[in-house]
Amino acid sequence: MTSAVVQLKKKDFESDQDVRWCPGCGDYAILNAIQRTMPDLGVPKEKIAFVSGIGCSSRFPYYMNTYGFHTIHGRAPAFATGLKCTNPDLMVWLVTGDGDGLSIGGNHLLHVIRRNLDVNILLFNNKIYGLTKGQYSPTSEVGKVTKSTPLGSLDTPLNPLRFALASGATFVARTYDTDIKHMQAIFKAASAHKGVSFIEILQNCPIFNDGAWTENVAKKVRKDRVLFLEDGQPMVYGSGKNQGLKLNGLALETTSWEGDEAPADVFVHDSTSESGVLANLLTEFTDPLPVGIFRQVEAQPYDEALMNQVAQAKEQSKGSGLAELYRSGANTWTVE
Ligand code: SF4
């Protein structure tokens, strides 16, 4: 007897926990977008796990009616790696923030990306430590005045997408918390990708860093300050659709024109380009700020390679197990 496929709804992914973020926090919109996306993925709840570290964003697993692990600071990548390698058929989402992911867990994040583990990483970037009440983070701008930098931060901020690309990420995207449709489209594309997907989500923390992204993504300026990347389409932006990006030597630069048609030298987006050069150039831009998929290329995921290796080792193994190996006399010695 075959069991009928049950079409899940957003409600099925909502847990019974009270959501405890500050009023107006961008995390609510991200949670909403994820819960709306889940039913479209066709994956049963018991085949999904959310893993987080520490921080405001890391409360996420409590609110999802799936498996969830609220782990230790910066170490969600290590837990996610173990989980995925021992349960390859599980869909794993890793939730982190700019502090948890890029400072305390920077080293762990690097390795989960370079291994191309088949997990989806959501990095909420609000350019501040929210949970500990407003210290500067690795993505805070130079001069940022906080409780821990009363005279202004001296640190050069880290660009999360450049970090992911440099670590060899096979799927890299950016979205923002005030556009639910855009977030959903990016989450769907990430979940369809085989291998690691890294998504930077521009998130507002109204309590400790209000308006960190407003100059780009506020509704009244968005058309002129955001470039929506679409594969096969020229990189055009602006309310009049008459501005774009073109290549000048080894850099992209803005250009504008009269009329409806973009000139031939306006660059056409191709996220599937193997080299990653274009994706890297795009990470430099802040005005307009590119959002969408920067890079998506194919490569064997780590968990798949690992399972192949385990199968191969079993096939080649002459013995029947560990006990026999111990007693085989091979590679053993006596301590005199
Ligand atoms: Fe959201 Fe900021 Fe409050 Fe944390 S401190 S829950 S990021 S508004």
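Given 0.36 nm per residue, what is the gain on full extension from residue 246 to residue 224 after removing their alpha carbon distance, in nm?
Details: separation 22, 0.36 × 22 = 7.92 nm, distance 1.64 nm.
Taking residue 246 through residue 224 to full extension adds about 6.3 nm, to one decimal.
Our analysis of the chain gives Rg over Rh at 1.04, with the two radii drawn from alpha carbon positions and Rh computed by the Kirkwood formula. Evaluating kT/(6 pi eta Rh) at 10 °C and 1.306 mPa s, with the Kirkwood radius of the range 229-270 over Cα pairs in the Stokes-Einstein relation, gives 154 µm² s⁻¹. Just check the range 121-186 against the gyration tensor rule for me: Cα atoms, a ≥ b ≥ c as the square roots of the eigenvalues, rounded for a/c under 1.5, and otherwise prolate or oblate depending on whether a/b exceeds b/c. Here the range 121-186 falls in the oblate category.
Once the chain from residue 111 to residue 299 is taken as fully extended at 0.36 nm per residue, the excess over their C-alpha distance is 66.1 nm.
Can you divide the C-alpha Rg of the range 41-123 by 2.2 N^0.38 Å and report the result to two decimal places? It would help to have the intermediate numbers written out before the result.
Working: Rg = 11.6 Å, N = 83, 2.2 N^0.38 = 11.8 Å.
Taking N as the residue count of the range 41-123, the ratio is 0.99.
Report, in listed order, any pair from 220/241; 84/314; 47/194; 84/181; 10/219 with a Cα-Cα distance greater than 18 Å. Where the Cα-Cα span goes over 18 Å, the pairs concerned are 84/314; 84/181; 10/219.
Using the beta-carbon distance between residue 142 and residue 254 and R0 = 41 Å, what value does 1/(1 + (r/R0)^6) give for FRET efficiency, to the nearest 0.05? Before the final figure, lay out each step's value.
Details: r = 23 Å, r/R0 = 0.57.
Efficiency, rounded to the nearest 0.05: 0.95.
Beta bridges assigned by DSSP with both partners in the range 1-120 are antiparallel in approximately 10 percent of cases. Normalising the average separation of contacting C-alpha pairs (under 8 angstrom, six or more residues apart) by the number of residues puts the relative contact order of the chain at 14 percent.
Can you tell which of 75, 225, 295 shows the greatest fluctuation in a Gaussian network model of the chain with Cα springs below 10 Å? Maximum fluctuation in the GNM of the chain, among the listed residues, is at 225.
Angle of helix 76-86 to the longest C-alpha principal axis of the chain, folded into 0 to 90 degrees and rounded to 10: 50°.
Angle, helix 302-316 long axis vs. longest principal axis of the chain, Cα atoms, 0 to 90°, nearest 10? On a 0 to 90 degree scale, this one is about 20.
Going toward the positive end of the dipole of the chain, with +1 on Lys and Arg Cβ and -1 on Asp and Glu Cβ, which of 211, 25, 69 do you reach last? With unit charges placed on the Cβ atoms, the residue in question is 69.
Taking the Cα centre of the chain as origin, sum charge times position over the Cβ atoms of Lys and Arg (+1) and Asp and Glu (-1), and report the length of that vector in debye to the nearest 20.
Details: 32 positive and 36 negative charges, 165 e Å.
The calculation lands at about 800 debye.
For the range 117-159, what does the alpha-carbon gyration tensor say about shape, rounded, prolate or oblate, given a ≥ b ≥ c as the root eigenvalues, a/c under 1.5 as rounded, and a/b over b/c as prolate? Note, shape of the range 117-159 comes out oblate.
Highest mobility in the GNM of the chain, judged by mean-square fluctuation with C-alpha springs under 10 Å and restricted to 288, 150, 160, is found for 150.
Where a ≥ b ≥ c are the square roots of the eigenvalues of the C-alpha gyration tensor, would you call the range 150-250 rounded, which needs a/c under 1.5, or, failing that, prolate if a/b is larger than b/c, or oblate? If you can, show how the numbers build up before the last one.
On the way: a/c = 1.32, a/b = 1.10, b/c = 1.20.
It is rounded, given that a/c, with a ≥ b ≥ c, falls under 1.5.
Bear in mind these aren't lab numbers, they're just calculated from the coordinates by the rules spelled out. Here the structure is a predicted model, which means the values were calculated and not measured. Here the Cβ is made from the backbone with ideal geometry for all residues, glycine too, and neighbour counts use every protein chain on show.
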